[in-house]
Amino acid sequence: MVGDSVFQPDHTMTIILDDVYNSSYLWEGFEDEFGNYTGTPPTEDDDYICDVNTETLNKHAVVVIYVLVFLLSLLGNSLVMLVILYSRVGRSVTDVYLLNLAMADLLFAMTLPIWAASKAKGWIFGTPLCKVVSLLKEVNFYSGILLLACISMDRYLAIVHATRTLTQKRHWVKFICLGIWVLSVILALPISIFREVYQPPSSNLVCYENLGANTTKWRMVMRVLPQTFGFLLPLLVMLFCYGLTLRTLFSAQMGQKHRAMRVIFAVVLVFLLCWLPYNLVLVVDTLMRARVIPETCQRRKDIGRALDATEILGFLHSCLNPLIYVFIGQKFRHGLLKIMAIHGLISKEFLAKDGRPSFVGSSSGNTSTTL
């Protein structure tokens with residue numbers, strides 16, 4: 001699952017496997033407590049020394065990245081929400097989905113200063129906040145991919161089948177978005193429920209899942225079920241819908257609608273580039289926990305480094321969509337300039353030079369295009 005990150009304390013731990021095998025309770029208690037271990041003994045020789053350097057990334061660099069992402073996300077997603085909410089007349093169904101996507105990114109961005117502080121000082125915020133920020137992180141991911149799946153279905157119906165059956169009734173979109181938020185919370189609840197603050201030996205406080213007995217089994221359940229319904233199935237829906245949509249666009253040479261789709265394709269591509277690597281690493285780690293692939297100390301270290309790096313990439317996603325709208329979304333730029341002109345920040349002559357978007361592509365029955 002997205003939130004099942006590998007625990008990385010700030011010191012180097014050396015484990016002598018002879019001692020571990022002689023004290024089975026130590027192996028189960030120690031390894032199951034830390035996400036950096038999988039609860040299954042390695043297959044190497046008993047006298048092998050497992051030297052795990054858990055400080056895989058420079059924590060100061062990570063803190064700087066989190067703070068920059070927070071500032072960019074706070075500014076960018078606030079502007080996106082402002083432009084969409086201001087454009088009530090020309091708001092399309094896809095814009096409503098993108099509004100909810102910006103809301104999810106903004107809510108998650110509010111937790112980034114907390115994640116940054118925890119990287120530097122350990123988790124000093126207590127168990128309740130540990131549960132809340134973990135929940136928001138998971139909800140951001142699941143709501144993001146579910147919203148993109150709904151957008152793909154909307155575009156598929158509008159372009160491939162040229163129908164407005166679902167999107168003519170605009171009030172249905174509100175219920176769909178509400179259902180997405182509810183489902184995202186349900187998928188994220190397991191992580192939030194089991195998250196708590198723990199004090200590891202000779203390390204800072206951490207926020208992690210305390211699963212009690214049968215840790216490996218429960219971690220498998222908590223990963224496989226949410227990732228199946230919250231990642232794999234929506235991804236398959238997106239691939240199916242956009243595959244047929246692209247085929248229709250290119251075969252019919254629908255240039256106007258193709259240009260209107262550029263923003264959506266860019267948003268989907270960036271989401272996958274940011275979150276797919278993290279989920280692929282989790283799949284590898286899950287296979288190792290299930291003993292499908294051999295578990296070694298080196299493999300544990302490699303997966304730990306990969307999870308740390310790809311998690312940062314996933315966090316970065318929360319600030320990227322507004323940049324896509326600025327550089328590709330003609331309607332978003334015009335809407336932002338219009339608001340600035342109304343409040344006297346730019347001249348109306350400059351707004352007139354920018355021009356109104358001339359192409360359409362909405363399935364909602366109005367003449368708007370997506371951002």
- Just one of (1) more than 25 Å from Leu112 (Cβ to Cβ); (2) under 18 Å from the mean Cα position of the chain (by Cα) trips up Leu280, so point out which. (1)
- Query: Going through the range 241-254 one residue at a time, which ones are free of Cβ contacts under 8 Å to residues at least 40 places away in the same chain and part of a helix (DSSP H, G or I)?
  - Reply: Gly243, Leu246, Arg247, Phe250, Ser251, Ala252
- Query: Given the structure, is Arg300 modelled with pLDDT under 90 and over 17 Å from Glu138 (Cβ atoms)?
  - Reply: yes
- Which residue out of Leu148, Leu129 is within 14 Å of the chain's Cα centre (by Cα) and either part of a helix (DSSP H, G or I) or closer than 22 Å to Leu74 by Cβ (or both)? Leu148
- Note on the structure: Of the residues in the range 153-176 that are loosely packed, with under 12 Cβ neighbours inside 10 Å and either among the small types (Gly, Ala, Ser) or not in a loop (DSSP other than H, G, I, E, B) (or both), the one that is modelled with the highest pLDDT is Phe175
- Before we move on, is Leu233 at pLDDT 85 or above, surrounded by fewer than 19 Cβ atoms within 10 Å (Cβ to Cβ) and closer than 23 Å to Leu183 by Cα? yes
- Message: Kindly evaluate Val83 against the criterion of being part of a helix (DSSP H, G or I) and under 17 Å from Ile324 (Cα atoms).
- Response: yes
- Looking at (1) modelled with pLDDT under 80; (2) touching a helix residue (DSSP H, G or I) at 6+ places or on another chain (Cβ under 9 Å); (3) surrounded by fewer than 17 Cβ atoms within 10 Å (Cβ to Cβ), find the lone condition where Leu246 falls short. (1)
- With respect to Ser364, determine if the residue is at pLDDT below 85, more than 25 Å from Val221 (Cα to Cα) and surrounded by fewer than 17 Cβ atoms within 10 Å (Cβ to Cβ). no
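Please find, within the range 286-334, the residue that is nearest to the chain's Cα centre (by Cα) out of those that are among the aromatic types (Phe, Trp, Tyr) and crowded, with 17+ Cβ neighbours inside 10 Å.
Phe315
The values are calculated or read from the model by the stated rules, or taken from the named source; none is laboratory data. Because the structure is predicted, anything quoted here is derived from the model rather than measured. Here the Cβ is made from the backbone with ideal geometry for all residues, glycine too, and neighbour counts use every protein chain on show.
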